[in-house]
Structures are given as C-alpha cells and as structure tokens.
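The values are calculated or read from the model by the stated rules, or taken from the named source; none is laboratory data. Quick caveat, the model's predicted, so the values are computed rather than measured. Here the Cβ positions follow ideal geometry from the backbone for every residue, glycine too, while neighbour counts run over all protein chains shown. Accessible surface is based on the protein model in full, side chains and every heavy atom, while ligands, DNA and RNA are left aside. Shrake-Rupley method; radii C 1.70, N 1.55, O 1.52, S 1.80 Å.
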Amino acid sequence: MLEISGLSHAYGKHQALADVTLNVAPREIIAILGANGAGKSTLLKAIAGLIRPRAGAVIRFDGSDIAQLLPHQIVERGIALVPEGRGVFGDLTVAENLQLGAYPARARDGEDARLAHVLALFPRLTERMGQAVRTMSGGEQQMVAIGRALMSRPQLLMLDEPSLGLSPLLSREVFRALKTIRGDGVGILMVEQNARASLDIADRVYLIEQGRNAGDGAASEMKSNADIQRAYLGQSREPATSKSK
Amino acid sequence: MLLFDILLPGLVLGGMYALIALGLTLQYGVARIMNLSYGESLVAAAFGTLSLYSGLKLSPLLALVLAIPAAALLNWLLYRLLLQRLIRRSKDRGAQEVDSILVTFGVLFVIQGVMLVAFGGQYYSYSYLSIPVTVLGSTLAVNRLVALAFAALIGTAVYLALTRTRLGTAVRAVAVDPNAAQLVGIDVGQLAGLAFAFGGGLVAAGGVLVSMFLTFNASMGVVFTMKALVVVIMGGVGNVMGALVAGLLLGVVETAVARLVDPGLTLAATFALFLAVLLIRPTGLFGKAAS
Ligand SMILES: Nc1ncnc2c1ncn2[C@@H]1O[C@H](COP(=O)(O)OP(=O)(O)O)[C@@H](O)[C@H]1O
Ligand SMILES: [Mg+2]
C-alpha cells in the first residue's frame, strides 16, 4: 500500500534522513523504533507532505507517487497523521475537531456513521462533545486527535508517539483502540517510545538509527532479539545480563 | 433620556467598529496579513458610495450590494498576485509580517493618492435618509438606524457562517493552528485567500454604512485602521465574538466620553479603554489565557 525508497531529508546541513526504505501493506501495523533524534518524526512528516523530501525519493501510495503532493492533497489520498503533540485545535470543541476531520471530500460520505464509530471507540468523548479541547486531559486530547484522523476515512493512519505523557491506563486504552482500528481495515504506521507496548500490537518493526534503516523484521522475532532487548526494551541492567559478564 | 442618548448612537458607532474589526479579524487573524491599507479601503468605499449617490442617484444600499463583491475580488487579487508570493518567499513568520506590512503600506499610499487626486483633501458628506426619529426618548437620524440594522445583519450572518458551517469552522481552524489545519485536509493557502478577500468585503461594507452618517476625507483611513486594530486586540486576536463585543463596547465608551466629558477626548478614551483591558486581560476580552 505504501512503498518508500531513497527517502532523504536535511535540515540545513543536518542530514536527518538518508536513503530510507519502508513498506506498509494493507491492514498492517508497523512500529518504527529508534533513539531520540533518529529521524522518526521527520520520516512521518515527509510522508504527510509537511516537509519536502530530497529529489529522487519515491513515496508510492496505492500505486501513485505522492512525494510532491501538498499535505492537504495527501490527506485526500487517504493518509492521516496524528502528529507529535497531537495537533488538535485547542480553542475549538471536540465536536468541531471531529467535524473538521471529515473536511476532505473523500470523508463526506458516511460521516455520521463514522462519527458514531469514533464515539464507540472512545466513549468518554461522547459527553465531552461541547467542551473546548484545550481544557481536556492529555489522554482525552489524544483520543480527539486519533478520532479526528479517523474521520478523514484513512487507509493509512500514522501516529507520532501517541502514548507520550499518558498514564499507563490511558496508554493501554489507546493501544487497544489501535488494534480495533486495524481490525476495521486501516493500516497503521506508528512511532512509539513505549517499545514493549508497540511490539505487542505491531506486525513488523523498522529500526532507524541516525536517519538510516538499521534493520527490520517481524515484531515477534524482534521481541526475542538480544540487541533489540538491550537497546529498546531496557533489559541491559537486569541481573541476569550483568552476571553473565 | 441621557442613557439612551448615549447608548443608541454608541451602538451605531460600535456596530461599525464591530463590522470593521470582523473584517480585520479575517485578514489578520486568519490570513495573517497585517493590512495597513485597511482604513483606506474603507474610505475608498465611502467615496464610491458618494459618487454613485450624487452622480448617478444610486441608493447607498445598492452601493452596499455592489461594494462587497467588488472589494472582495480586489482583495483576493491583491492576496493572490502580491501577498501570497511574498509570504512564500519569506523565511519565517517575522519576515512574513514585515513583508506584508511593507506591501500594504505601499497599497495605502496608492489608494490614498488616487483619492487625493480625485477628491482633494476636504471633507465630504451627503444627505441620505437624514430624517430625525425618536427612539426610546432619544432623537437620531434614520440613516444611523439603517446603518446599524445592516451592520447587525451582516455581523450576525458572518458570525453564524463562521460558527455554524464546516467552511466557517475550517476558517477558524486556520486561525488557531495553520499547521494542524493542513493535516485535516484544509488547503490553507486557498482558505487564507478567501478569508482575506471576505475581510476586504466587510471593510468595504463598513465604508458604505459609515458614509451614510459621518463626514469623511481622503486622508482619514488611518483612524479606521487603528480603531479596527484596537478592537481586534481588545477582543482577542482571531476571536469572532471578541471582535463583536469589543467593537460595541468601544462605540459606547467613545460616545459616552464625547457626550459627558469632551468630544476632544474620544481618542484618549479609546486608548484608556484599550490599555485597561490589556492590563486586566493581556490576551484580550475573549482571548485564551496565556499559557
Ligand atoms: N525543524 C528542524 N530544524 C532543524 N533540525 C531539526 C528539525 N527537526 C528535527 N531536527 C533534527 O533532525 C533530527 C531528527 O529529528 P526527529 O525526526 O524529530 O527525530 P525523532 O523523532 O526520531 O526523535 C534531530 O537531530 C533533530 O534535532
Ligand atoms: Mg520525534
């Protein structure tokens, strides 16, 4: 569904992405893991059209090249991004945020049904419809952000650190929702600090180091890979590892 | 009755301020262009109305119907041909504001120069529906009531369009966060152009209505630009309800000071109110709390 190759981007002289390759099949959940500053957010922004990739990059979605499209055109193709920091409209109400999610022409048909679906996914938004989003908790804002993205009827949902700053309970609720969303036929490409939780729901994983591909594979294999455990699952300090030295 | 002698003319004046501020909210709050030629467009619309009325005997209300789309089109062209290109060229938000100020400063002198050549520097007015009526014990001319009624009508329509329609909500979304607006599929450049054009239409409407009861000359545009800016900032930049309330408030306060203290002090009253509001609520009456 999404095929990326040769994707590079530099902020001034700083090379943030170099020759990245990545694929997402329909209904797949892909997790991107990498240290802070590895270029994960830059990758999602390039796909969403928020930054221009260097010439030569190929970003194909459903068979056509979208590398030169503008962000609103990319949403219209069926890719929605829940950005770092959520990007909700704080001054507007929950209902207005969700209504704006259905702004693209592709989303106008069946809008009411999709709204009902989003509210079934996040029931606590139902009684908050008239509330200004900036007065809500971080977790609730994240639900608005995901709900708004779903209102655009995406085929691919991209999320940048959706559990950042959320309580464990709310994080679990968000991850549960992502599984349901995939069940509805939407592919998911996510960047997540919480490697354990994302490996639990992901089908495949890409590792990014200093803007480059550093490996990929099935999530189940990644979970048992010793290097991955040390780098992302925080097991290097466990007694078993230190004894074996 | 003194209260109504102040309140009614105050609301008439305030209605004009609110309408003008609504237009500036669209231009500055949504399209992010600080348009220094704003008041000059208002005065140009006033002169246009005068010419149609005294030259062709056309009713100012017909001028209103003509002025709004004509001004919207001119403003859209200004945005598309000049301002948008400059914005794309500018590196950041600061450079963008400086560029738009310089360009619209130039436009100010062009419009003002043309008006000075055509009409000279003297004051103009015309007599349209200047029939006195008594409302709630205070006497004022019918033309003021007509102006107020149209300002209320247009203001309400714009308010409803901005708050009750998807397009209006999208316009407010661009004001709140243009980056996030792209992510819900809004063509921010196109919508900003539309908001700029429509803001220009509103200020032209203000010019037509103001010309029905105020005297005006070719060089007084800056006063309207300044007052529109004061009202927008007082109401909270980008806030539609704030612009409406602050506009009415300013009209009533200015009229009260002119009536009870001294007409020479209205401008001082404008700024006293402005400063008082900003000291108590730094982000304006309806602005979000500073975070
Ligand atoms: N707007 C920017 N301007 C300059 N450098 C940036 C900008 N955004 C990110 N960077 C740099 O690019 C690199 C990758 O950033 P980012 O994609 O945000 O990483 P990640 O999301 O993996 O933490 C970092 O070194 C970061 O400092
Ligand atoms: Mg990041």
From the option list A:114, A:204, A:176, A:148, single residue qualifying as within 29 Å of residue A:223 (Cα to Cα), out of contact with any Cys (no Cβ under 6 Å at 6 or more places or on another chain), in contact (Cβ under 8 Å) with a residue 24 or more places away in the chain and away from ligand 1 (no atom under 16 Å from the Cβ) is A:204
Exercise. For residue A:164, state whether it is under 23 Å from residue A:35 (Cα atoms), under 13 Å from the mean Cα position of the chain (by Cα) and within 16 Å of ligand 1 (Cβ to nearest atom).
Key: yes
Note on segment A:42-74: residues in a helix (DSSP H, G or I) and open to solvent by 60 Å² or more (accessible area, probe 1.4 Å) are A:45, A:73
Q. Quick check: anything in segment B:21-28 aromatic (Phe, Trp, Tyr) and at pLDDT 95 or above?
A. no
Flagged in segment B:156-178 as basic (Lys, Arg) and within 9 Å of another protein chain (Cβ to nearest Cβ), in numbering order, are B:166, B:172
Among strands (runs of 3 or more DSSP E) entirely within segment A:75-192, at least 3 residues that are more than 10 Å from every other protein chain (Cβ to nearest Cβ) occur in A:156-160, A:187-191
Subset of segment B:153-183, residues of a type in the set (D, E, K, R) and part of a helix (DSSP H, G or I), comes to B:164, B:166, B:172
Of the residues in segment A:1-41 that are touching a Gly at 6+ places or on another chain (Cβ under 7 Å) and either in a strand (DSSP E or B) or within 14 Å of chain B (Cβ to nearest Cβ) (or both), the one that is nearest to ligand 2 (Cβ to nearest atom) is A:16
Going through (1) within 14 Å of chain A (Cβ to nearest Cβ); (2) part of a helix (DSSP H, G or I); (3) not aromatic (Phe, Trp, Tyr) one by one, residue B:144 fails only at (1)
Checklist entry - Being closer than 22 Å to residue B:189 by Cβ and open to solvent by less than 20 Å² (accessible area, probe 1.4 Å), is that true of even one residue in segment A:128-140? => result no
Scanning segment B:179-210 for residues that are surrounded by fewer than 22 Cβ atoms within 10 Å (Cβ to Cβ), touching a residue at least 60 places away in the same chain (Cβ under 8 Å) and within 13 Å of chain A (Cβ to nearest Cβ) gives B:189, B:191
